[in-house]
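A short worksheet on the structure shown next.
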Amino acid sequence: MKALGGKVALVSGASRGIGKGIALGLGEAGATVYITGRTVVEGEAASKLPGTIQQTVAEVEAIGGKCIAVRCDHRNDEEVEAVFAQIRKEQGRLDILVNNVWGGYEHFSNGTEFWKESGFWDAPISRWDTMFQAGVRAHYACSVLAAPLMIAQTQGLIVNISFFAAQLDNKGVAYGVAKAASDRMAACMAHELREHGIAAVSLYPGLVRTESVLRAGFDLSNSESPHFIGRAIAALAADPLIMEKTGQVLVAAALAREYGFTDLDGKQPVPLTIDDM
């Protein structure tokens with residue numbers, strides 16, 4: 001049996017990018033993967049990037065995995081509650097929650113608005129609201145709904161996808177504060193969930209070859225595929241000693257060295273640190 005055979009996972013925000021890669025990595029490891037996203041018709045994404053939840057399902061199934069897509073806007077509590085009700089009805093359990101959905105990235109995807117900003121005072125105030133509502137609050141809401149399912153099993157893993165911006169002063173005020181909030185959320189959830197055998201962590205990817213990153217033309221010599229992040233989470237979920245890591249901030253490439261998995265090209269990226277930022 002594959003490492004995550006019989007396990008059920010939910011990945012939020014998986015129409016494309018890191019979310020899609022996480023779904024692929026978990027499906028590859030044998031989990032039944034539920035995914036959410038807003039894009040069901042190609043070309044209608046707010047970010048103007050390619051990808052739909054149905055395409056993610058097709059790619060997971062193409063590598064032998066099982067994936068179920070649920071259209072969901074994580075700013076709508078009723079839609080989020082419906083996702084968890086469906087998982088409870090169809091599976092009766094939830095082993096892994098990956099809080100990946102985020103908002104406020106649109107300016108990266110189809111223009112140079114971000115690079116023209118001289119400081120937070122030039123950025124639209126709505127960016128703060130979007131990053132907290134469609135990001136931090138969405139992570140919290142999913143965790144609130146996932147916890148009872150996991151507590152009933154006395155096991156589970158919650159992963160908040162975060163980034164080094166949480167610990168830096170030069171990555172934008174809204175973004176840095178929101179990511180720091182996501183890290184603190186994981187740490188505080190870990191404290192309350194420890195007695196129930198449920199781990200909560202923050203996970204930092206490196207430079208990931210998402211659709212927006214590829215479009216931006218970054219130096220990709222030490223980059224990671226989205227699938228690589230999925231393999232990192234699969235390794236965490238399969239670790240019988242995962243509770244030793246609960247509450248921590250983890251780096252995907254460092255986990256590759258610890259657990260021995262590689263990216264799709266067979267390589268292990270060099271783990272980034274704060275000094276690299």
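Quick note: the coordinates plus some simple rules give every number you see, no bench work behind them. On a predicted model such as this, the values are computed, not experimentally measured, just so you know. Please note: Cβ atoms are built from the backbone with ideal geometry, for glycine as well, and neighbour counts cover all protein chains shown.
With respect to the chain, whose longest principal axis is taken over its alpha-carbon atoms, helix 53-62 is tilted by about 50°.
Here is the link list: LYS48/LYS245; LYS171/LYS267; LYS66/LYS245; LYS2/LYS267; LYS89/LYS267. Which ones come out longer than 32 Å on Cα distance? Result: LYS48/LYS245; LYS89/LYS267 exceed 32 Å.
Calculated from DSSP H runs of 4 or more alone, at -39500 (n - 2.57) each and per residue, what is the 222 nm mean residue ellipticity of the chain, nearest 500? That calculation yields -12000 deg cm²/dmol at 222 nm. The Cα atoms of the chain give a gyration tensor whose axes a ≥ b ≥ c have a/c under 1.5, which makes the shape rounded. With q set to 0.12 Å⁻¹, the log10 of I(q)/I(0) for the stretch 134-260, from the Debye formula over equal scatterers at the Cα positions, is -0.48. Across the options GLN248, HIS227, VAL213, the greatest Cα extent toward the positive end of the charge dipole of the stretch 159-274 (unit charges at beta carbon of Lys, Arg, Asp, Glu) belongs to VAL213. Across the chain, the relative contact order, built from alpha-carbon pairs under 8 Å that are at least six residues apart, equals 19 percent. Highest mean packing comes first when the peptides 149-160, 238-249, 181-192 are listed by Cβ atoms within 10 Å, giving 149-160, 181-192, 238-249. Each Lys and Arg contributes +1 and each Asp and Glu -1, all at the Cβ; summed about the Cα centre of the chain, the dipole is approximately 380 debye. Against the main long axis of the alpha-carbon atoms of the chain, helix 77-90 sits at an angle near 30°. Geometric descriptor of the stretch 203-244, per residue, is 72 Å³ (volume of the convex hull of the Cα atoms). Neighbours of VAL60, meaning other residues whose beta-carbon lies under 15 angstrom from its beta-carbon, give a summed charge of +3 when Lys and Arg score +1 and Asp and Glu score -1.
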